[in-house]
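Heads up, the thing below is written out as structure tokens.
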Amino acid sequence: MPEPRVAIVHERFTEYGGSEAVVAELHETWPGSEVFAPIVDPAGVRPPLRRVHDTWLSRAHAATGRRSHAPLLPLAPRALRGLPLGGRFDAVVISHHAFATQAAFATEAPVIAYVHSPARWAWDPAFRAQEAGGRAGRLALTALGALARRCETRAAPRLTHVVANSHAVADRVRDWWGLPATVINPPVHIHRFTPDPAVEREDFFLFAGRLVPYKRPDLAIRAARQAGCRLVVVGDGRFRAQLDALAGPETTFLGAASDAVLQDMYRRCRALLMPGVEDFGIVPVEAMACGAPVLAVGLGGALDTVRPGVTGDYVEPGNDDVVTAALAAAMTDFDPAVYDPTEIRAHAATFAPAAFRARMADTVAQVLDN
């Protein structure tokens, strides 16, 4: 059968991260597809993507020196509804964080939404308070959250099929949108992260990722102090100054790092710590690809990636003190002999891009056949 004519819509290309990697794999799934986004910064586009159709919001972003896309977000729904999708496509696949499903109003073709998450800062007051910062930030995020909830709710009936990137996200889609969702975990480029039997594991735990509040690096640092265990923190972000003040001598910050440095840390750490609740969590799978076990709070995307006693273990969810104490106890009692690096690597391989592409292709084909 001929390849379907597919349009792929993403919210924005302002930096390159996990969701942009998902769009690249969607494009690989349908090499003849066209990609659209309201805001495109060339720095956020990498091969295999070559061309992304943008909108007038992209020019507004450039006119402000591309300092921040945030002030333009209230205009994103209008730009997405005006995308020139027309009647040229058999299907529209949307990569959604908060506003992208508004593109469903720009087409009569079947719409398949790949949902990284409904906007948590819009629907979850506790998450919003954690992310907002000061009073001005809270007011702005509250107003933006109200807009995002309206947009997501209005677009939901226009979606032909919803795919969630984890079971936790599928639960949010059910609870917040009233829709069922298929679960297809995102692709993880495990070929970039491999074990090396010649490298010995050392006496430190690892936190890796952006230093932002919802990832809870502060809990990893507090747990390391409580347990008296060494902790290496890889990553940078707006939370760094607060973390510097919180850290003791047992914590070392490496800042933002290349894949080579990150792989070296994955290969040498005792285990990766995942103290935040992720929608999915690519970093834990990367660590597993290097044979490292993961100690994660037993919520969110970790429930899809961590197999207790095989690839790591869960610690008890709860308030900050509960999680800190549980992480500290897990670090103190950690026994590397429990885990087989070969089994951990084999589990990580189930998240390889080829599996993602095959499942997405099958899902869209089934939608078009119905």
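The values are calculated or read from the model by the stated rules, or taken from the named source; none is laboratory data. Only a predicted model underlies this, so the values are computations on that prediction, with no experimental measurement involved. Cβ sites come from the backbone with ideal geometry, for glycine too, and all protein chains shown count toward neighbours.
In the range 219-284, which strands (runs of 3 or more DSSP E) lie fully inside it and hold 2 or more residues that are among the aliphatic types (A, V, I, L, M) and modelled with pLDDT of 95 or more? Let's see the steps before the verdict.
Numbers: elements: 231-234, 251-255, 272-274.
Those strands (runs of 3 or more DSSP E) span 231-234, 272-274.
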Problem - Number of positions in the range 285-299 that are part of a loop (DSSP other than H, G, I, E, B) and surrounded by 24 or more Cβ atoms within 10 Å (Cβ to Cβ) - result: 4
Problem - Checking D124 against (1) of a type in the set (D, E, K, R); (2) buried (at least 16 other Cβ atoms within 10 Å of the Cβ); (3) closer than 30 Å to R345 by Cα, the condition it does not meet - result: (3)
Handout entry: Enumeration of residues in the range 54-71 that are modelled with pLDDT of 90 or more and assigned to a loop (DSSP other than H, G, I, E, B)
Key = D54, T55
Problem - Selection from the range 315-362 of residues that are acidic (D, E), outside any loop (DSSP other than H, G, I, E, B) and surrounded by 13 or more Cβ atoms within 10 Å (Cβ to Cβ) - result: E343
Completion exercise
Residue hits (the range 73-109; in contact with a strand residue (DSSP E or B) (Cβ under 6 Å, 6 or more places away or on another chain) and part of a helix (DSSP H, G or I)) are A100, T101, A103, A104
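Restricting to the range 235-254, and then to whatever is under 20 Å from A292 (Cβ atoms) and not acidic (D, E), can you tell me which residue is nearest to the chain's Cα centre (by Cα)?
Residues of the range 235-254 that are under 20 Å from A292 (Cβ atoms), as a first pass: 235, 250-254.
Imposing the further condition that a residue be not acidic (D, E) reduces the set to 235, 251-254.
Working: G235: 15, T251: 25, T252: 25, F253: 22, L254: 22 Å.
Result: G235.
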Practice task
Among the numbered conditions (1) over 30 Å from V306 (Cα atoms); (2) among the acidic types (D, E); (3) without any contact (Cβ under 8 Å) to a residue 60 or more places away in the chain, tell me where D124 comes up short.
Solution key: (1)
Fill in the blank from the handout: Picking from R67, R81, R5, R59, the residue that is in contact (Cβ under 8 Å) with a residue 24 or more places away in the chain, farther than 22 Å from P157 by Cβ and not polar (S, T, N, Q) would be R5
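Here is a yes/no grid of residues against (1) part of a strand (DSSP E or B); (2) within 15 Å of the chain's Cα centre (by Cα); (3) modelled with pLDDT of 95 or more:
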position: P2; (1), (2), (3): no, no, no
position: A7; (1), (2), (3): yes, no, yes
position: Y16; (1), (2), (3): no, yes, no
position: E20; (1), (2), (3): no, yes, no
position: V23; (1), (2), (3): no, yes, yes
position: G32; (1), (2), (3): no, no, no
position: V35; (1), (2), (3): yes, no, yes
position: R46; (1), (2), (3): no, no, no
Problem - Flag for P74 being modelled with pLDDT of 90 or more, surrounded by fewer than 22 Cβ atoms within 10 Å (Cβ to Cβ) and within 12 Å of A37 (Cα to Cα) - result: no
